[in-house]
Structures are given as C-alpha cells and as structure tokens.
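Worksheet: one structure, shown below.
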Amino acid sequence: MTQAEIKLCSLLLQEHFGEIVEKIGAHLIRTGSQPLRVIAHDTKTSLDQVKKALCVLIQHNLVIYQVHKRGVVEYEAQCSRVLRMLRYPRYIYTTKTLYSDTGELIVEELLLNGKMTMSAVVKKVADRLTETMEDGKTMEYAEVSNTFVRLADTHFVQRCPLVPANENSDTGPPPPAPTLVINEKDMYLTPKLTLVGKGKRRRSSDEDAAGEPKTKRPKHTDNKEPIPDDGIYWQVNLDRFHQHFRDQAIVSAVANRMDQTSSEIVRTMLRMSEITTPSSAPFTQPLSSNEIFRSLPVGYNISKQVLDQYLTLLADDPLEFVGKSGDSGGGMYVINLHKALASLATATLESVIQERFGSRCARIFRLVLQKKHLEQKQVEDFAMIPAKEAKDMLYKMLSENFISLQEIPKTPDHAPSRTFYLYTVNVLSAARMLLHRCYKSITNLIERRQFETKENKRLLEKSQRVEAIIASMQATGAEEVQLQEIEEMITAPERQQLETLKRNVNKLDASEIQVDETIFLLASYIESTMKRQ
C-alpha cells in the first residue's frame with residue numbers, strides 16, 4: 001500500500017462520507033486489522049462514533065470483520081474497494097446505456113446505500129422516475145421490477161451473504177459476530193415479488209389533499225404488512241462491470257487494428273461467454289464457428305465463409321487476441337484475455353512515452369520491447385538514431401523506470417570492461433510505476449477541484465440562493481419582470497466567475513474519468529499477470 005493510494009482513499013472517504021468515517025477508514029488502511037476499542041483509543045474518537053462509522057463502512061463493503069480464536073472481532077479496511085469509488089459515475093453511465101434510465105437509477109440507489117432489498121429499490125426508483133415525468137404520468141412498480149430482474153440475470157447486481165437460519169436457533173450464547181454465507185446458486189436468484197402500484201410524487205406542501213397537516217395525521221406503523229423479501233439484500237457486482245469494461249476495451253482495440261466487422265465478431269464471442277467465463281479467467285470458453293455464426297447480430301449479413309476468413313485473420317494476427325483451440329464444429333476459437341490486457345497495457349505505456357518524450361523515444365521503447373534485450377550500440381543501429389541522442393533518450397527512460405538495465409558479466413569480478421549491459425523492458429514493473437503515478441494524478445485533481453470550490457464558496461452559495469428563489473417564484477406564477485430583478489442580484493463579473501469555475505470543474509472531472517480508465521487497464525493487467533505467476 002503506497003502513500004499515494006492511502007492519500008487518495010482518505011480523500012474519497014471524506015468526499016463521500018465526511019470527516020469521522022474518513023478518520024476511521026484512513027486509520028484502518030494505515031494500520032491493518034484492529035479491534036473496536038483499539039480503533040477508538042488510537043483515533044481518540046468516542047466508541048459510539050466509531051461504531052457508527054464502522055456500520056457505514058461495512059454497509060458499503062469498504063470494511064470486513066473476522067472473529068479470532070479468542071473471540072475478538074477485528075475490522076480490516078478494503079483499500080482496493082475504496083479506490084473503486086472513483087468509478088461510480090462510470091458504473092452508473094454504463095447501466096444507463098445498457099438498461100436506460102430505470103437501470104441507471106437502480107444501480108445509483110444501490111451504490112448510494114450500499115445494500116438494499118429489491119422491494120425498497122423498486123419503490124424508490126419508481127418514485128424518482130415519477131417525479132421527473134409529466135403530470136398525470138406515473139412509473140409502474142412492475143416495469144422497474146422487470147429491469148431489476150434483467151440486471152440480476154446478467155449478474156450486474158447480486159445478493160449479499162446472509163446469516164444462516166440455523167445460527168439463530170442455537171441454544172448456546174450468540175457468537176461475537178455473525179458468519180455470513182451465500183449459496184452460489186442463489187446469488188442471482190430474484191425473489192418472486194408481486195409489487196402492484198405506481199410511483200408517488202412528493203407533495204410540495206405539508207398538507208395532503210384533505211387539508212390535514214402531517215403532524216396531526218395518525219401513524220399506522222403497527223398494521224404494516226410484512227415485506228415479502230425482508231432480509232434478502234442486494235448489492236452491485238463491481239467485478240461484472242469490470243468484465244464489461246475489459247470487453248469493451250478489447251472490442252475497441254480490435255476495431256482500431258482491423259475493422260468494424262472483426263470487432264463485432266469479437267463482441268459476439270465475448271457476449272456468448274460473459275456469463276460462463278469467470279472475470280479472472282485468462283481465456284474465454286471455446287466457441288465453434290457455427291455457434292458464433294448463429295449468434296451474430298441480426299443486422300450483420302455476412303456468409304459463413306466470410307466469417308471463417310475473419311476468424312482465421314484474427315487467429316493469425318501477431319497480437320493473438322483470438323486463438324484457435326480445435327477443429328471441431330468448423331473450428332473452435334477462444335479469446336486470450338490475458339494477452340489482450342497485456343497488449344492494451346503496453347499500448348498505454350507507449351502512448352505515455354510518446355506524449356512525454358516524443359516519437360523517437362517511443363520508437364526506441366517499441367524496439368527494446370520487440371527485441372527483448374539490446375546493447376546501446378544495437379539500439380543506435382536498429383533505431384537509426386545518432387549515438388548521442390539515443391544515449392540521452394535511453395538514460396531518460398531509464399531514470400523514469402520505463403526501461404531497465406541488465407548486467408551480464410563475462411567474469412566473476414563484474415569488471416565493467418568485461419560486462420554486457422543490456423536494455424530491457426519489464427512491462428509489469430513499468431505498469432506498476434505508471435499506476436502509482438496515476439493515483440498521484442487523481443489525488444492532485446481531486447485536491448485542485450476541492451480548492452477551486454472552496455475559493456468560490458461564497459459565490460456558489462449566493463448562486464444557489466438566487467436559483468432557489470427563482471424556482472419558488474416560478475412555482476407561484478411570478479411575472480417575468482420580477483424574475484429578471486432576482487436574476488440581476490448576480491452581477492456580470494460574478495456570472496463570468498461562475499462560468500469559469502464551472503468550466504474548470506468540468507475539465508477536472510473529465511480528467512479524473514480519463515485517468516481512471518488508464519488505472520483500470522493497468523490494474524487489470526497487473527492482477528491478471530499476478531494470477532498467472
């Protein structure tokens with residue numbers, strides 16, 4: 001765990017949950033697993049506040065707990081899970097593109113609340129969608145429920161582990177902490193709910209249609225019917241989203257290298273194996289060309305012969321994204337996920353070198369990567385770059401850890417005159433170094449955004465007050481002249497300052513998302529490589 005990652009986790013926790021939760025979370029990330037009283041003592045926070053902070057972190061899967069032999073419960077922060085909070089906007093946007101506004105709001109609610117029952121999500125989303133609709137239109141619970149079932153079927157949402165039923169029936173003393181278990185067969189099984197109803201709009205006044213104030217209304221909480229899915233909680237399956245992002249990156253890479261038809265064939269292969277292949281597998285399940293042909297989208301009118309030619313081209317490509325694993329069924333094909341991630345990570349490194357050091361440095365990097373090991377003289381000759389320039393570029397990349405130097409002595413004394421010095425590229429260590437820099441970049445971007453907002457806090461508050469007044473006056477049917485007078489409360493220089501702030505914040509937000517895409521590719525490659533070793 002590097003200092004850059006710890007600092008970034010701390011900023012993310014503070015931004016999402018506030019100071020107390022950030023204090024507890026950052027302390028656990030720095031120190032590792034600790035019991036409750038030690039956390040309270042070390043952070044100088046009251047026991048009650050620590051309990052509440054831990055509840056929030058456990059609810060959002062950012063902290064796990066385990067019971068030791070002596071019955072002590074220790075809490076441990078999940079740093080990798082905290083860093084995934086950077087990707088929340090991307091998860092939500094992806095669901096919007098796949099399952100429209102309803103899917104977007106379902107995932108948004110689950111990410112905001114950590115864990116929720118299906119019935120609670122459906123009702124909340126239906127209410128939110130009804131509020132955005134025109135008067136007289138409402139969103140049916142059944143429609144939202146169907147979208148939720150589709151999300152579960154494609155594994156984008158999954159059940160949370162439960163306390164087993166037999167644990168509560170034991171006659172002995174209860175355990176210090178419950179043991180949560182989940183049956184893999186039930187993980188994506190939605191409960192049979194018959195939710196009948198429509199979304200409700202919030203009332204603008206405190207009185208209902210009958211004119212009875214809220215405070216005088218009798219409460220009927222005791223007569224509530226039991227919730228049919230009580231105790232069955234759901235959460236977002238982030239690994240499934242990562243699998244989707246990886247597949248999209250592979251399809252995009254194939255489209256750039258070859259053409260749109262090739263990318264559509266690869267997309268079809270990935271879609272066929274997305275549920276059957278685990279997210280950490282190095283290969284997809286083998287698929288026959290006949291199966292691929294039958295599963296192609298309706299709009300693609302290509303013959304079986306043309307498909308076989310495309311598959312042969314993809315299998316013969318030096319990048320080896322697609323491999324042939326057999327000849328049955330017209331030929332069995334797999335997608336080499338690990339090699340695809342390695343190619344994407346290498347392309348990212350090349351792109352960074354080209355932007356930072358220029359095209360000549362990128363040429364040297366590609367050359368060393370291709371030839372594995374080269375002496376300085378060989379680099380000069382192969383790259384066709386003058387000796388002085390080649391030396392400068394090699395040392396520049398060496399000092400930045402993009403390439404490394406390997407010594408091969410002819411004699412045991414390691415005398416420089418009798419030693420070969422070979423330049424080589426260790427893609428894994430270069431990817432780790434670049435990932436570390438990406439974490440630093442995102443930390444700087446978040447800090448800059450917070451600084452910009454803090455500097456203009458007074459102006460932002462004034463703008464929000466004016467907007468609230470205008471909105472309330474429009475609701476009561478105010479005249480245009482009155483609205484214009486309120487708008488003139490913000491002067492022209494202030495309006496210009498607000499525009500500049502908005503533009504700067506948007507740029508910083510876009511930069512965060514772009515850097516996170518690089519983080520995702522590099523982290524996926526490192527994780528895939530570590531699993532193979």
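The values are calculated or read from the model by the stated rules, or taken from the named source; none is laboratory data. Everything numeric in this text was worked out from a predicted model, so none of it was measured. Cβ sites come from the backbone with ideal geometry, for glycine too, and all protein chains shown count toward neighbours. SASA here: full protein model, heavy atoms, side chains in, ligands and nucleic acids out. Shrake-Rupley method; radii C 1.70, N 1.55, O 1.52, S 1.80 Å.
Tabulated data for the structure shown
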{"item": "Accessible area in square angstrom per residue, the chain, 1.4 angstrom probe", "result": "57 Å²"}
{"item": "Rounded percent of accessible protein surface that carbon and sulfur make up, the stretch 324-367, 1.4 Å probe", "result": "45 percent"}
{"item": "Dmax and Rg, reported as Rg then Dmax, of the chain (C-alpha, Å)", "result": "28.8, 98"}
{"item": "With Cα atoms, 0 to 90° folded angle of helix 3-17 axis to the chain main axis", "result": "20 degrees"}
{"item": "Residues with amide H under 5 Å from that of PHE283, placed H, sequence gap 5 or more", "result": "LEU337"}
{"item": "Peptides ranked, highest mean first, by Cβ atoms within 10 Å: ranges 119-125, 50-56", "result": "119-125, 50-56"}
{"item": "3J(HN,Hα) from dihedral phi, the stretch 61-76, Karplus parametrisation 6.51/-1.76/1.60, rounded to Hz, x for glycine, proline", "result": "6, 8, 9, 10, 10, 9, 9, 8, 4, 7, x, 7, 8, 10, 10, 9"}
{"item": "Gap separating the Cα centres of the stretch 36-100 and the stretch 328-396, nearest whole Å", "result": "40 Å"}
{"item": "The chain, helix-only ellipticity at 222 nm - DSSP H runs n ≥ 4, -39,500 (n - 2.57), divided by all residues, nearest 500", "result": "-19500 deg cm²/dmol"}
{"item": "Placed amide H near VAL157: partners under 5 Å, 5+ positions off or other chain", "result": "ALA152, ASN237"}
{"item": "Amide hydrogen neighbours beyond the local backbone of SER288, cut-off 5 Å, H modeled", "result": "TYR333"}
{"item": "Calculated from backbone phi, Karplus (6.51, -1.76, 1.60) coupling profile of the stretch 79-86 in Hz, x at Gly/Pro", "result": "4, 4, 6, 5, 5, 5, 5, 4"}
{"item": "Proximal lysines relative to LYS123, as straight alpha-carbon distance under 26 Å, when same-chain residues fewer than 8 apart are discounted", "result": "LYS96, LYS115, LYS137, LYS192, LYS198, LYS200, LYS214, LYS216, LYS219, LYS224"}
{"item": "Rounded to whole Hz, the Karplus (6.51, -1.76, 1.60) HN-Hα couplings of the stretch 414-420, x for glycine and proline", "result": "6, 5, x, 6, 10, 9, 7"}
{"item": "Those lysines that a straight Cα-Cα span of less than 24 Å connects to LYS388, excepting residues fewer than 8 apart in one chain", "result": "LYS371, LYS372, LYS377, LYS396"}
{"item": "Cβ-defined net charge surrounding GLU487, 11 Å radius [Lys, Arg +1; Asp, Glu -1]", "result": "-3"}
